[in-house]
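Below is one structure; the comments refer to it alone.
The values are calculated or read from the model by the stated rules, or taken from the named source; none is laboratory data. Because the structure is predicted, anything quoted here is derived from the model rather than measured. Glycine gets a Cβ as well: all are built from the backbone with ideal geometry, and neighbour counts include every protein chain shown. SASA here: full protein model, heavy atoms, side chains in, ligands and nucleic acids out. Shrake-Rupley method; radii C 1.70, N 1.55, O 1.52, S 1.80 Å.
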Amino acid sequence: MHRIYRDKPALLAVGLLLVAPIIAYSANNRPAQPRLILQITVDQLRGDLITRYYDRFGDGGFRYLMDQGLVYTDAHHRHANTETIVGHATLATGADPSIHGMVANVWLDRSTGELTYNIEDPRYPILSKDAGVDKKTEIDHTQKTARSDGRSPSRILVSTFSDELTLFQGGQSKVFGVSIKDRGAVSMAGHTGKAFWFSKKLSEFITSRFYYDNYPDWVKEWNEQKPGSEYAGESWQLMHDQSTYMFGESDDRPYETKLPGFGRTFPHAYGKPGDKYFTTLLTVSPAGDEMTLDFAKSLVQHEDIGKDEKTDYLSISFSSTDYVGHMFGASSLEMEDNILRLDRILAELFEFVDSGIGLDNTLIVFSADHGGPEAPGYLSELGFEADYIDTSTFDKAGAIKALKQRFGIGEELITTYFHPYLYLNREAIAEQGLDQEEVELAVAAEINRFKGVALAYPSTALSKGNIADTPLSRSVLSNYNPNRSGDIYLVFEPNRFIADFGGLVVAAAHGSPWRYDTYVPIIFAGMDIPAHKVHRRVYTTAIAPTLSLYIGAKPPTGSMDEALIEVLSRD
Ligand SMILES: [Zn+2]
């Protein structure tokens with residue numbers, strides 16, 4: 001009903017409209033034009049993490065979303081590879097990875113034979129010197145595959161909602177994406193917006209030449225305050241008395257990752273600026289989200305976001321939940337405190353938006369790029385069978401050795417595994433005059449029998465539609481892009497995954513098509529959005545076309561899903 005502010009005279013004259021079914025089009029049939037569309041993504045926020053701690057939340061954060069928003073209780077990603085860029089690009093474009101092209105955080109570029117990081121683009125280096133990935137300290141192993149520090153959205157093959165907003169408004173909208181992670185910012189800003197992300201090397205928010213030739217003054221000023229320095233010598237402490245937490249008595253668990261100096265138990269010391277892992281540790285705690293919020297607030301103020309009639313777009317992707325989930329698991333004291341602190345961060349964000357722009361003028365959409373598994377060690381404590389997987393031994397396994405003999409291949413047959421794809425030695429296959437499909441089928445058939453493997457999908461079978469029509473197969477197919485997908489897609493059995501992040505063994509790793517990884521919140525709030533729960537199964541591909549139709553813009557290029565009718569109509 002907040003739209004009465006825009007159409008006050010008409011609505012006062014026709015008071016009936018207030019009780020009659022109201023659709024998202026006002027009396028003059030003009031679609032709603034929020035001043036701001038605020039898209040919030042929490043990295044690795046599994047859907048149940050917010051219901052589990054509902055009673056512990058304060059006012060104005062998650063409770064504002066959950067009590068006053070339109071909540072989809074059974075929302076999922078539909079694609080199999082539930083990784084960060086895949087989920088973000090899906091949220092941004094409404095397309096499946098088969099269409100938007102972000103099939104994995106990393107894939108093998110067949111033209112160069114090199115692994116490629118999703119948003120890597122050597123044409124557009126980072127504006128700051130020496131701000132790229134520090135391969136010695138980076139805990140995000142996917143980042144280490146990038147060979148340049150350049151970043152752009154050029155590999156996202158279709159338009160994002162944010163692009164459609166730019167087009168709809170004739171280029172007069174302001175469109176921004178902010179995140180600790182580069183891919184969390186670049187994906188959402190689309191091809192037409194501007195993105196800022198955090199450099200662990202510099203402890204500053206940075207951007208690339210794709211977006212700017214020079215930093216805006218306000219960014220320089222923000223970075224000159226030495227962000228992160230306020231955490232020097234500090235530690236991540238529990239917000240409440242430890243005995244009040246669900247996991248208050250299980251802080252120290254052997255399967256948790258023990259980062260140098262940070263340890264497995266509270267308080268987690270950050271160390272001081274200049275320490276090898278200082279900025280990394282900030283991101284593995286709510287400090288990363290606090291810095292993201294502070295930067296986003298500065299952006300809103302200095303870029304005059306939401307100040308005029310033209311709808312602006314701001315995406316904030318909060319990364320801390322993901323790092324905490326990887327290091328400590330979804331059911332850890334660290335995750336519990338992180339979620340309670342995220343609740344306070346959201347409350348501060350909503351209060352800030354309300355005071356400057358008005359929540360009545362802001363359409364909020366909240367979701368996650370993927371869920372996350374439990375740590376296998378935790379599941380084992382409860383009686384589940386769960387384990388880690390090592391694919392590096394696959395090529396040397398007896399069954400594969402036998403296949404190599406049969407095919408006359410005297411070298412490696414499986415050259416690379418980078419989640420979720422196995423890459424075969426295509427040169428050797430060609431040299432032997434073998435049929436790629438035959439080899440793929442033979443390798444997949446053997447690997448299907450390996451311990452911990454649920455299903456291995458040969459890409460030639462996917463490309464020919466030669467697979468059983470099951471929900472699992474459909475999720476793998478929606479992830480299949482002929483130019484980027486590897487030769488065999490591996491689905492591990494539930495609760496089994498690779499935990500080796502390039503030498504660092506983590507507690508948990510998402511990326512499966514199982515429900516704990518696909519299950520995410522979808523909540524709309526602000527504007528005229530009613531408080532309502534929808535229990536129908538919906539997919540994250542519906543978000544982008546819904547945003548488009550809400551403002552009357554055309555759906556993003558590759559968005560094939562239906563819009564969410566509850567956001568658009570008021571029956
Ligand atoms: Zn993620």
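The table that follows gives values for the structure above.
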{"item": "Of all accessible heavy-atom area on the chain, the percent that carbon and sulfur account for (1.4 Å)", "result": "51"}
{"item": "Partner aspartates and glutamates for residue 554 [C-alpha distance under 15 Å; skip if fewer than 8 residues away on the same chain]", "result": "163, 164, 562"}
{"item": "Cross-link pairs beyond the 22 Å C-alpha cut-off, checked among 174/307; 181/226; 135/396", "result": "135/396"}
{"item": "The stretch 480-534 versus the stretch 78-147: alpha-carbon centroid distance in Å", "result": "15"}
{"item": "Cα-based helix-to-principal-axis angle, 286-302 vs the chain, degrees rounded to 10", "result": "50"}
{"item": "Dmax and Rg, reported as Rg then Dmax, of the stretch 395-509 (C-alpha, Å)", "result": "14.4, 43"}
{"item": "Hits among aspartates and glutamates - C-alpha to C-alpha of residue 401 under 14 Å, sequence gap 8 or more where chains match", "result": "411, 412, 446"}
{"item": "For the stretch 331-341, Karplus couplings with θ = phi - 60° (6.51, -1.76, 1.60), whole Hz, Gly/Pro x", "result": "10, 10, 4, 5, 5, 4, 5, 4, 5, 5, 6"}
{"item": "3J(HN,Hα) from dihedral phi, the stretch 316-325, Karplus parametrisation 6.51/-1.76/1.60, rounded to Hz, x for glycine, proline", "result": "10, 10, 8, 9, 4, 4, 5, 4, 5, x"}
{"item": "Neighbour net charge for residue 264 - beta-carbon separation under 11 angstrom, K R +1, D E -1", "result": "-2"}
{"item": "Size of the stretch 390-463 as Cα extents on the principal axes (Å, biggest first)", "result": "31, 28, 19"}
{"item": "Under-5 Å amide H pairs with residue 512, H placed in peptide plane, nonlocal only", "result": "82"}
{"item": "Distance between the stretch 182-239 and the stretch 259-309 - C-alpha centres, whole angstrom", "result": "9"}
{"item": "All aspartates and glutamates inside 13 Å of residue 220 as judged from Cα atoms, apart from same-chain residues fewer than 8 positions distant", "result": "204"}
{"item": "Spread of Cα-to-Cα distances over 10 Å intervals beginning at zero, given as percent, for the stretch 128-247", "result": "12, 34, 29, 17, 7, 0"}
{"item": "Using θ = phi - 60° and Karplus 6.51 cos²θ - 1.76 cosθ + 1.60, couplings along the stretch 348-365 (whole Hz; Gly, Pro as x)", "result": "5, 4, 5, 5, 4, 5, 5, 6, x, 10, x, 5, 5, 9, 10, 9, 9, 10"}
{"item": "The chain: calculated mean residue ellipticity at 222 nm from DSSP helix runs of at least 4, using -39500 (n - 2.57)", "result": "-8500 deg cm²/dmol"}
{"item": "Normalised per residue, the volume of the convex hull around the Cα set of the stretch 453-543 (Å³)", "result": "173"}
{"item": "Amide H contacts of residue 306 (H built 1.01 Å from N, under 5 Å, at least 5 apart or other chain)", "result": "312"}
{"item": "Reduced Cα scattering model of the chain, Debye log10 I(q)/I(0), q = 0.11 Å⁻¹", "result": "-1.00"}
{"item": "Neighbourhood net charge (11 Å Cβ-Cβ; Lys/Arg +1, Asp/Glu -1) for residue 185", "result": "+3"}
